[in-house]
Amino acid sequence: MSIELSDIKKYLRIQHDFDDDFIKNLVDTSKAFIKEQTGVAHVTGDKVYEQGILFHVAHLYDNRSSVTDKATNEIPYTLDAIIRHIKIRGAYEQG
């Protein structure tokens with residue numbers, strides 16, 4: 001099952017509909033980002049990839065301001081670990 005908007009909103013603890021289009025955009029951005037980082041496209045039902053999408057959407061949503069007086073946040077370690085896993089797993093899934 002593909003990741004649903006309702007699942008993302010539940011993870012982000014969002015109860016309104018104001019940001020739905022923005023969140024959908026973030027999902028597309030996250031899929032593209034992970035694909036560019038790994039060379040692997042999203043396949044519906046890939047739980048690891050979908051968790052990566054969820055982490056990346058949350059990161060982008062939480063850090064969406066283009067101007068801030070706070071330190072910018074790098075990509076969380078958990079997302080980086082998932083990206084590295086997706087990138088290398090093809091070698092052992094085939095074997």
Q) Residues in the range 31-48 that are hydrophobic (A, V, I, L, M, F, W, C) and within 17 Å of His59 (Cα to Cα): how many? A) 4
Q: Select from the range 30-88 the residues that are over 19 Å from Ile14 (Cβ atoms) and aromatic (Phe, Trp, Tyr) and write down the one among them that is modelled with the lowest pLDDT.
A: Tyr77
Q. Restricting attention to the range 35-65, which residues are at positive phi and in a helix (DSSP H, G or I)?
A. none
**Q.** Residue in the range 1-51 that is surrounded by the fewest Cβ atoms within 10 Å (Cβ to Cβ), counting only those that are under 21 Å from His85 (Cβ atoms) and of a type in the set (Asp, Glu)
**A.** Glu36
Q) For the range 25-33, does any single residue satisfy the condition of being farther than 23 Å from Arg89 by Cβ and of a type outside the set (Asp, Glu)? A) yes
Q | Pick from the range 3-17, criterion under 12 Å from Leu54 (Cβ atoms) and part of a loop (DSSP other than H, G, I, E, B), ranking: modelled with the lowest pLDDT | A | Ile3
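The values are calculated or read from the model by the stated rules, or taken from the named source; none is laboratory data. The model shown is predicted, which means the values in this text are computed figures rather than measured ones. Don't worry about glycine lacking a Cβ; one is built from the backbone with ideal geometry, like all the others, and counts go over all protein chains shown.
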